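A short write-up of the structure that comes next.
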Amino acid sequence: MSKIIADHVVVEVRYPVNDSFIITLRSPVDIPDILPGNFAEIQIENTTGVFLRRPFSILDVDYESRMISFFIKIIGKGTKKLGEAKRGDKVSLIYPLGNSFSLPEPGKKVLIVGGGSGIAPFVLLGRNLKSNNNDVTFLIGGKSKKDVLVSSLFSGFGKVLTTTEDGSAGEKGFVTGHSLFKSGNIHFDKIYSCGPEPMMKAIGKIANRNGIDCEVSLENMMACGFGACLCCVTETIEGNKRVCKEGPVFNVNYLKWRI
Amino acid sequence: MADLRVNIGGLEFKNPVTTASGTFGNGEEFEDFFDLDLLGGMFVKGMTLEPREGNDYPRMAETASGMLNAVGLQNKGVDHFIKEIYPRIKHFDTHIIPNINGSTVEDYIEVAEKLNEIETIPAIELNISCPNVKAGGMLFGTSCPSAIAVTEAVRKAYDKVLIVKLSPNVTDIAEIAKGVEGAGADSVSLINTLLGMAVDAEKRKSVLSTVTGGLSGPAVKPVALRMVWQVYNAVKIPVFGIGGIMNATDAVEFMLAGAAAVQVGTANFIDPQIPVKIIKGIENYLERHHFDSVSELTGAMEI
Ligand SMILES: Cc1cc2nc3c(=O)[nH]c(=O)nc-3n(C[C@H](O)[C@H](O)[C@H](O)COP(=O)(O)OP(=O)(O)OC[C@H]3O[C@@H](n4cnc5c(N)ncnc54)[C@H](O)[C@@H]3O)c2cc1C
Ligand SMILES: Cc1cc2nc3c(=O)[nH]c(=O)nc-3n(C[C@H](O)[C@H](O)[C@H](O)COP(=O)(O)O)c2cc1C
Ligand code: FES
């Protein structure tokens, strides 16, 4: 897999909700193949306290116009600064990094569960699953209505369900409490999940209990993002593995999660 | 064009820019970004006699102009390096230098003996300064007698160029440098990371699983420069300058303070092409200041 390291030009920063933005950048060179789950390391310059690059999943790409976009939740210094970028600003990106979600056989039924900024890889995943003729259901959770507005990004790829903690949209509660899981017999062949770790663990547990294959995408703290430092490891049945290189996507049963 | 070659204990490096152990993997991760043949040399990830899993996650904390790491020498052991990794990377036309570690003097000797057998490996770096392991590591490098003992023992077991990597977590680094010089080291490299720690106030928790870790990056540069200068004035063997080198100017500063060559570490994480940019930048500097050879920079700082 060939990798790009280059200054990209900011084309647009828009805020679908007030604490998260979608940033679109133009690459100076052709964009290599991007697989669902791949991420980029973005350099955020001239920001006090930000020394290392920041990893973000790739939301979408347009190979023809050389555009790449990210869905980013503001949680600290770096994400705040990046969200202030203006059209024409230059930003250094390294990508594509990491592995990707594996696709099931055509025709299989899949469930994609996410929350918060963890939904970013699901656009590319949804598109690939659709062209692979899979029946896709998205289940997106958040605190309130504004957190699940982004679920509209997926409506072209399958059925979209939501849950909110305050009940302002979709079913009230957490994703794991959705009535989808209550029926006792869950008819999915594969589950994908990305979001807060407790959520992924709970989803992994449901998948295991129902004998369903489940892949999750981890967001460990990274220093390099391309396999050089060994800072981002997670425990697996084969010892410590780099989340940035052997991951970020892992089968739940490969991880040493007590679920 | 100025001559970029430098000589370390009889071994010629095509230029003074090398990559620091633990920050460059085994080189392979960087092939996507530049031609590794351009490097003066590369110090590969620290290895031990037996495989090690390293410390628990979290192993990293970002700090003001730097980072703390607590990787703890995760590696698959020297035999794995020799059988699996080295055959994949030996085609690079640059010096590949293993960084060796141990819990006991015997461990160090055994690793050195195994590497001594590999004809195309011209040098080893003896790491007596890792702050992230419970046994051995930095304990060897923080007392003069133990630093001398391990260097003497490895010297007997290893015929080629022996570089000893020094810990900054000491009262008098020059004394230790003199000690290992006397024990037969061909060169010293410094600094390894500075012992530090990070606390998460909101969670009321230590950030690293090990509580303490090693500080690197621009935050350590002034300390590293001072130590390179002190060691340069204390020993006759050549010094590798390490610590927070982010660009060619930083590299030149280390050489002016006494380094014969440099190692680039944490900067590789932010710009994986930085080593080549530094090589070009040094060339540029030599031209602007009318030097014929890069080695003229070593210790050329005026007071
Ligand atoms: C592979 C991968 C993909 C990611 N994809 C996305 C994405 O698509 N969209 C998105 O919004 N975010 C994503 N993230 C998370 C994103 O990298 C962090 O939110 C970002 O680095 C925070 O930077 P900051 O400077 O704003 O926060 P800082 O100011 O550095 O930190 C603010 C607080 O958040 C904590 N924190 C920061 N990063 C993490 C982390 N990775 N895990 C746990 N705690 C953390 C810090 O310890 C601190 O307490 C991804 C992370 C990884 C590893
Ligand atoms: C993630 C990480 C891992 C490291 N691993 C090793 C190691 O295995 N052996 C070693 O001698 N030094 C190791 N070091 C120390 C570096 O080689 C170097 O001495 C130090 O980081 C200072 O240089 P810098 O500021 O340019 O990074 C490591 C440093 C980092 C940041
Ligand atoms: S972040 Fe450096 S190896 Fe994964």
Percent antiparallel among DSSP beta bridges confined to chain B, rounded to 5, stands at 40
From DSSP H assignment alone, runs of 4+ in chain A each adding -39500 (n - 2.57), the sum over residues rounded to the nearest 500 puts [θ] at 222 nm at -3500 deg cm²/dmol
Non-local residues with an amide H under 5 Å from the amide H of A:Val113, with H modelled 1.01 Å from N and Pro and chain starts lacking one, are A:Leu139, A:Tyr192, A:Ser193, A:Cys194
Contour minus Cα-Cα span, A:Ser102 to A:Lys182, at 0.36 nm per residue, comes to 26.1 nm
Too long for a 30 Å Cα-Cα cut-off, among A:Lys159/A:Lys256; A:Lys3/B:Lys205; A:Lys3/A:Lys241; A:Lys109/B:Lys76; A:Lys90/B:Lys14, are A:Lys159/A:Lys256; A:Lys3/B:Lys205; A:Lys109/B:Lys76; A:Lys90/B:Lys14
Using a 1.4 Å probe on heavy atoms of the protein chains only, the accessible area for A:His187 in Å², nearest 10, reads 120
With the 1.4 Å probe rolled over protein heavy atoms, chain B has an accessible area per residue in Å² of 39
In segment B:12-34, accessible area falls by at least 30 Å² from chain alone to full assembly (1.4 Å probe) for B:Glu29, B:Asp32, B:Phe33
In terms of the alpha carbon gyration tensor, root eigenvalues a ≥ b ≥ c, rounded if a/c is under 1.5 and otherwise prolate when a/b exceeds b/c or oblate, chain B is rounded
Mean accessible area per residue over chain A (1.4 angstrom probe, all protein chains present, square angstrom) is 42
Note: B vs A interface, total accessible area buried (1.4 Å probe; ligands, DNA, RNA excluded), nearest 100 Å², is 2500
Of every hundred units of 1.4 Å-probe accessible area on chain A, the number belonging to carbon and sulfur atoms, as a percent, is 48
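Rounded, prolate or oblate: which one fits segment B:13-83, using the alpha carbon gyration tensor with axes a ≥ b ≥ c (rounded when a/c is under 1.5, else prolate when a/b beats b/c, else oblate)? Let's see the in-between values first.
Working: a/c = 2.25, a/b = 1.19, b/c = 1.89.
Verdict is oblate for segment B:13-83.
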Sorted list, accessible surface of protein heavy atoms, 1.4 Å probe, largest first, for A:Lys130, A:Lys146 is A:Lys130, A:Lys146
Looking at segment A:198-234, residues buried by 40 Å² or more relative to their chain on its own, accessible surface at probe 1.4 Å, turn out to be A:Met221, A:Phe226, A:Ala228, A:Cys229, A:Leu230, A:Cys231, A:Val233
Accessible-area loss of at least 30 Å² (1.4 Å probe, chain alone to full protein assembly) applies in segment A:49-64 to A:Phe51, A:Leu52, A:Arg53
Along segment A:250-259, Karplus-curve 3J(HN,Hα) (6.51, -1.76, 1.60; θ = phi - 60°) to the nearest Hz, with x for Gly and Pro, reads 9, 6, 4, 7, 7, 7, 8, 8, 7, 10
Taking alpha-carbon centroids only, segment B:257-302 lies from segment A:40-93 a number of Å equal to 31
Among A:Asp213, A:Asp30, A:Asp60, the residue with the largest mean-square fluctuation in a Gaussian network model of chain A built from Cα contacts under 10 Å is A:Asp30
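Of the accessible area of segment B:231-284, with the probe set at 1.4 angstrom, what percent is carbon plus sulfur?
Carbon and sulfur: 53 percent of the exposed surface of segment B:231-284.
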Note to self: C-alpha centroids of segment B:163-234 and segment B:25-44 sit apart, in Å, by 24
Here segment A:152-164 yields Karplus 3J(HN,Hα) values (6.51, -1.76, 1.60; θ = phi - 60°; whole Hz; Gly and Pro given as x) of 5, 4, 9, 4, x, 10, x, 6, 10, 10, 9, 9, 9
In a Gaussian network model of chain B with springs linking alpha carbons closer than 10 Å, the residue among B:Leu225, B:Leu286, B:Leu115 that fluctuates most is B:Leu286
With every protein chain kept in place and a 1.4 Å probe, the residues B:Glu175, B:Glu302 fall, from largest accessible area down, as B:Glu302, B:Glu175
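The values are calculated or read from the model by the stated rules, or taken from the named source; none is laboratory data. No experiment lies behind these values; they were computed from the predicted model shown. Just so you know, the surface numbers come from the protein's heavy atoms only, side chains and all, with ligands and any DNA or RNA stripped out. Shrake-Rupley method; radii C 1.70, N 1.55, O 1.52, S 1.80 Å.
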